[in-house]
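Shown next, in structure tokens, is the structure this report addresses.
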Amino acid sequence: MRRLGSVALLVLACSGCATVGPVEDIQPGERPSLETDEAGLWMYMDRMETALATSGRVVTDPALNAYVRDIVCRLSPDYCRDIRIYIVRTPHFNATMAPNGFMQVWTGLMLRATNEAQLAYVIGHEIGHFQRRHSIQRWRDARNKTDFAAVFQVAAAAAGAGYAGSLASLAAIASILSFSRDQEREADDVGFTTMANAGYDPEQAPRIWEALLEERDASDKPEQVVFFATHPSTEERIGTLREQAQALIAKGAPRDAGAEKYKRIVGPFRDEWLRDEFRKREYAETEVVMNRLLAEERQNGDVLFMKGEFYRIRDESGDEDRAIEAYKAALLGDGAPPETHRSLGLVFWDAGRNDEARASFAEYLRAAPDASDRKMVEAYVKELETPQ
Amino acid sequence: MKNIMAIAVLATGLSGCALPYFEPLEPTRVEVAGSYTVDPQIKWSRGKTQHVEIWTVDGPLLESVRFFDARADGDPLLVPGPDQTLPTFKKDMRASEVQEFVVDTLSASGASRVEASNLRPWDFGVLSGFRFELSYVNQDGLEYDAFAVGAISEEKLYLILYAGTRRYYYPKYRGFAEAIVASIQPAA
């Protein structure tokens, strides 16, 4: 914390001559001069980046990281080398862009995007913040107001070592990197133009916001939807994006959504990210996410299995029957995992349908002979065979 | 901060404010969790927070045995922080669901990449119980291994967790932890 104090002094010392006003776009490869307040801000962000990089929350899968990097480079070849991507395992819709070029893409966003074009739009939006140097404008603006102390305290806390991977820390970073409404609109414009120029279907841009609004409207605690805590109202942005998209489509714009590739690369992570969603216990919100995935893949046994898991874990009135129905549908669909039988067995057992429970567990053991919980499930079968 | 407090109690001891006062524990059979006795095997430092008794030699950040008080229907494994929602135990849970409950509690408390494996029947003293292995990463990126043993009796969950840093500390005391959980006997 003492070192942070030194950084603060440096920033404050540098800040006396700075004024709030328009700034030029950052140039590819550019770094701010050391004597500027912008350099001080970059130092903060460098610390945050180091802390985040060593936390346990960063998804390190090479193929997934290469995929997101390719999207960045397709969108913006000029800034490709300046932007470092961190896929952060956090079950909330968000992405952030720091002025020094470190971009966070939260897994909650990747779970909610149903194709590459939707993710590309959000990434393009974040590149817009970077390109337009919104952070330094925001920093100077905050510093010239009474909330500078608050901004500094948040920055210091977020940069502090020890809990870089906590949601509190991630949310603190997000709040530092929040922007004004005008900046958000500008980033929307850049994001939209960038994704359309890269050949992505422009109609996907408003769709990701629409999905988020639907989730917010279903939420029991809409004020706790992280994205909306740091972003202005979205209805107006959706309207603008829709108009822009229709205009481009009328002119024959390319319509590449990249849905299949997105499913192929992101799909293997979907179950664990969905389980992260379940753990939030914000079930109304999560049900919207589930239904959205199901709308895209009605016959996908894996998604139907996760729907069953959702009801089994939520365990509200009627959920037992809903879970059984979902598991049965999963087994009729394509690609249901063997665990579907085990979960079905657990729900049948809870419902007192012991014969069906035993049959389901036996089927699980047949479908997954090397399952690591085999001995436990064998014990379930034995217990169910024992007369009560 | 809420997440940090919970994870500190459960597994890593990141936050000083959540750590109890520790006192020496001699290697003679002792009652824990108000319901059973175990043989400590070696000298430990013993501390108690709400619902959890912690034994450690080198510090709870490095390795610890955690004895959870019996949890009843509707109880979380840990005391949630302000505005924190933790999963709760349900009296009709099976071993698979208890494993899920522990994994979810760890995850909700800030651990990441929590993986459970090798769930199997295991005798918790005189009770028919279960055991599983765990691995996870704390908020600073430190990797841990752990194992949990437990049983449900009279609609209450009894649970012991041994956790340590994957490098050095988990294997260092694992043998003693195994002997401790093998020594469970009902309290007189």
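The values are calculated or read from the model by the stated rules, or taken from the named source; none is laboratory data. As the structure is a prediction and not an experimental result, all values here were calculated from the model. Don't worry about glycine lacking a Cβ; one is built from the backbone with ideal geometry, like all the others, and counts go over all protein chains shown.
Listed values, structure above:
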| item | result |
| --- | --- |
| Wholly enclosed strands (runs of 3 or more DSSP E) of segment A:50-128 bearing at least 3 residues modelled with pLDDT under 95 | A:95-97 |
| Residue A:142, sole failed condition from (1) buried (at least 22 other Cβ atoms within 10 Å of the Cβ); (2) in contact with a helix residue (DSSP H, G or I) (Cβ under 7 Å, 6 or more places away or on another chain); (3) at pLDDT below 95 | (1) |
| Selected residue [over 23 Å from residue B:151 (Cβ atoms), touching a residue at least 12 places away in the same chain (Cβ under 8 Å) and within 11 Å of chain B (Cβ to nearest Cβ)] from A:339, A:378 | A:339 |
| Only one of A:294, A:248, A:304 that is out of contact with any Leu (no Cβ under 7 Å at 6 or more places or on another chain), within 22 Å of residue A:214 (Cα to Cα), aliphatic (A, V, I, L, M) and touching a residue at least 24 places away in the same chain (Cβ under 8 Å) | A:304 |
| Among residues of segment B:45-61, those that are more than 12 Å from every other protein chain (Cβ to nearest Cβ), assigned to a loop (DSSP other than H, G, I, E, B) and either out of contact with any strand residue (DSSP E or B) (no Cβ under 6 Å at 6 or more places or on another chain) or at pLDDT 95 or above (or both), counted | 4 |
| Residue in segment A:75-90 that is among the small types (Gly, Ala, Ser), surrounded by 22 or more Cβ atoms within 10 Å (Cβ to Cβ) and touching a residue at least 12 places away in the same chain (Cβ under 8 Å) present | yes |
| Residue satisfying all of: in segment B:102-113; surrounded by 23 or more Cβ atoms within 10 Å (Cβ to Cβ) and among the hydrophobic types (A, V, I, L, M, F, W, C); nearest to the other protein chains (Cβ to nearest Cβ) among these | B:108 |
| Qualifying positions in segment A:24-38 - buried (at least 17 other Cβ atoms within 10 Å of the Cβ) and either in a helix (DSSP H, G or I) or among the hydrophobic types (A, V, I, L, M, F, W, C) (or both) | A:26, A:37, A:38 |
| Residue within segment A:320-343 that is surrounded by fewer than 17 Cβ atoms within 10 Å (Cβ to Cβ), among the β-branched types (Val, Ile, Thr) and more than 29 Å from the chain's Cα centre (by Cα) present | no |
| Residue B:153 being surrounded by fewer than 18 Cβ atoms within 10 Å (Cβ to Cβ), within 9 Å of another protein chain (Cβ to nearest Cβ) and out of contact with any Cys (no Cβ under 7 Å at 6 or more places or on another chain) | no |
| Residues within segment B:160-184 that are at pLDDT 95 or above and either within 14 Å of residue B:126 (Cα to Cα) or charged (D, E, K, R) (or both), tallied | 8 |
| Criterion violated by residue B:99 - all others in (1) closer than 30 Å to residue B:25 by Cα; (2) within 14 Å of chain A (Cβ to nearest Cβ); (3) in contact (Cβ under 8 Å) with a residue 60 or more places away in the chain satisfied | (3) |
| Looking only at segment B:82-96, and only at residues there that are under 16 Å from the mean Cα position of the chain (by Cα) and either within 7 Å of another protein chain (Cβ to nearest Cβ) or in contact (Cβ under 8 Å) with a residue 60 or more places away in the chain (or both), the one that is nearest to residue B:147 (Cα to Cα) | B:95 |
